[in-house]
Every structure is written in structure tokens, then in C-alpha cells.
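The values are calculated or read from the model by the stated rules, or taken from the named source; none is laboratory data. These numbers come from a predicted model, not from an experiment. No Cβ is skipped: glycine too gets one built from the backbone with ideal geometry, and neighbour counts run over all protein chains shown. Ligands, DNA and RNA are stripped out before the accessible areas are found, and what is left, the full protein with its side chains, is counted by its heavy atoms. Shrake-Rupley method; radii C 1.70, N 1.55, O 1.52, S 1.80 Å.
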Amino acid sequence: MKSVTFKVASAVLVFLALIPGAVLAKDSIVLGFSQVGAESEWRTANTQSIKEAATQEGITLKFSDAQQKQENQIKAIRSFIAQRVNVIAFSPVVETGWEPVLREAKAARIPVILTDRAVSVKDESLWLSFLGSDFVEEGRRAAKWLVGYAPIQELAAKGEVNIVELQGTVGSAPAIDRKKGFEEVLKDQPKFKIIRSQTGDFTRAKGKEVMEAFLKAEGKKINVLYAHNDDMAIGAIQAIEEAGLKPGKDVIIVSIDAVKGAFEAMIAGKLNCTVECNPQLGPQLMRLVKDVVAGKQVPRRIVTQESVFPQESAAREFPNRKY
Ligand code: AHR
């Protein structure tokens, strides 16, 4: 009798192990996570948050760094499918080109959660939930701050305000949306002109390089730098100083993320404003993963709550910053 019971129990276990999404014990959830890379201070904080939250929640994390390449993310997702993880989560480097691999995940009945960045796919059933910031709103916030900034209002009263823009990675959701939100606010401001706009790929090195080119082409004509992230702004600050100009004074700078590096630059008077984009998505992601595995209904979209930090608030806020 004992041996019959044992055989039945073993058969059930083998059967469960063959079903994707089936979880044998409370703490055996396996999450496959494909990260964009390590391009910025924001990304490092995001990775840390995900790893720490997985450990805290007892979730087994299979983490893969794509080094900013879509093909690496596709490979990682395929490997998660082959390993029959319970849930796949990823932060897509670019918006398009995901249909084939997401169809494979769907066919394997592995739920997919998007974190931080969105995808653009016709079949919206290819992903279950999207957790992250509203990037269009971040772009709007940057522009609204700029339009309301007293020294810029004085400049606009006399003539045109010339803006150069450092865009994020070409084709990525934050680059597309932050541009869109910024331009949406400026379309009603005829004095504000974007005279140059180029990608700096969200990195300090590229931000510096592209700003050098902007300065070479436009020189002192540049009044404002709008950078899609703080790292590019920090790289550009170096270029501005090397050109003999004062960042934060000769060139007004607004960027996005609100990482510690931006607060240090603001305290030094070299950056004028940073719009927050919260990278600490780990705890919310792990809660989502648990709910998905438990078969609960999860929200389709979870938007992160964020603020705007002008230079005047930097010294006061700095001690409270977690990333
Ligand atoms: O997707 C979020 C963006 O990606 C952050 O603003 C940027 O710093 C990162 O590289």
C-alpha cells in the first residue's frame, strides 16, 4: 500500500514539473528576468532593486544582462522558455520586434510581465502586465519646469530660447515618449526651439561626445540642454566645462531620473532640475509575480509615482535619496 501511495505521489510530482507555471512549493517560483544592460546609474539601481527583492521574497531569479542588445534579450527569453520558468519579466531595450519570441512564450504558457519599458505589438495578449513610469509625463514635466523657470522666462521675453536635446537609445520607449511629452508642452511656446537633437544612448560617454558636437556646431547659441537621462546630462556637463562655459548658468540643464549623481551636480550648481523616474521596481515586481503564479487577476498597467526636483530642493532632498 505504502509503495502504491509513493508511486502515485511521485507521478503527480513529475506531472506537475512538466506543466509550465505549476509551482510545487510556496518558495519555488522561478522568475526569468532579462535586463537592458548597465548603461546608467538608474539601471544599476534597478538591477539592485530586482535582485534584492527576489532574495527577500524567496523567488529564484534567473537574471540576464543584454548589454543594450535586443538579440541578447531574445536569446535570454528563449532560454527562459527552454528552462520552463514560471514567469518571464523583461525591460525591453527597444519597443518593436518582439512578436516572434513573445508568441513562443505564449505557446509555452509562460506569462510575461513588462517592467520599466513598453513594447509595441499588435497582439496585446502577448504580455500580461506592465509596471513602470509614464515617460510621456516625464517629458511634459521637464518642459513645464523649463517654461516656468524665471531666468528662461526672462530670456524668452527678449528673444528665442535655443534648446539642444540628448535623446535616449534610438527606438526605446523612454526616448520616444520623453521627446513626445517635451514637444507636446513646447508646441504652444513659439519662442522655444529645439535646434539640435541626437541620441546619446543613455550613457555618460555618449552624452559628452554628442554635447561636444553640439557645442562645436552651435557654441554660445545654446541656452538649454534637455537630456533624456541624468547620465547623459552629467557627461554633457563635462563637455560644457571643457568648452569654457558654466553648466547650470550659461547652459540651463534639465534631465530625467533623479539619481544621486544628479543631486550632486545640482548641489554644485551645474544642473538645474531633474525629473524623477523611480528604478526601485523590485518589490512591486515580485508581488506581481507571486499574484500571477497564484492565478490572481493582476492590473494591466501599474504606473510609478514620481516627483520633480529643482536645484533649490537638492541639498534638502539629497539625504533622503535611496538611489
Ligand atoms: O528606461 C529607463 C531609462 O533607462 C532611464 O531613464 C535611463 O537612465 C535608463 O538607461
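Exactly one residue out of R109, R178 is in contact (Cβ under 8 Å) with a residue 60 or more places away in the chain, in contact with a strand residue (DSSP E or B) (Cβ under 7 Å, 6 or more places away or on another chain) and not β-branched (V, I, T), and it is R178. What's the total number of residues in the range 158-217 that are away from the ligand (no atom under 16 Å from the Cβ) and either open to solvent by less than 40 Å² (accessible area, probe 1.4 Å) or among the hydrophobic types (A, V, I, L, M, F, W, C) (or both)? The total comes to 15. Within the range 121-148, residues that are more than 16 Å from the ligand (Cβ to nearest atom) reach partners that are assigned to a strand (DSSP E or B) and open to solvent by 20 Å² or more (accessible area, probe 1.4 Å) with beta carbons closer than 6 Å, at six or more positions or on different chains, in the pairs W145/V308. The requirement of being within 21 Å of the chain's Cα centre (by Cα), outside any loop (DSSP other than H, G, I, E, B) and closer than 26 Å to F202 by Cβ is satisfied by Q73.
Within the range 270-293, being out of contact with any helix residue (DSSP H, G or I) (no Cβ under 7 Å at 6 or more places or on another chain) and closer than 16 Å to F309 by Cβ holds for E276, N278. Taking the numbered list (1) under 12 Å from W42 (Cβ atoms); (2) over 23 Å from the mean Cα position of the chain (by Cα) in turn, M232 passes all entries but (2). Among the residues making up the range 269-284, those that are under 18 Å from the mean Cα position of the chain (by Cα) and either surrounded by fewer than 24 Cβ atoms within 10 Å (Cβ to Cβ) or of a type in the set (G, A, S) (or both) are E276, N278, Q280, L281, G282, P283, Q284.
Could you list, in sequence order, all residues of the range 58-70 that are part of a loop (DSSP other than H, G, I, E, B) and among the β-branched types (V, I, T)? The answer is I59, and nothing else.
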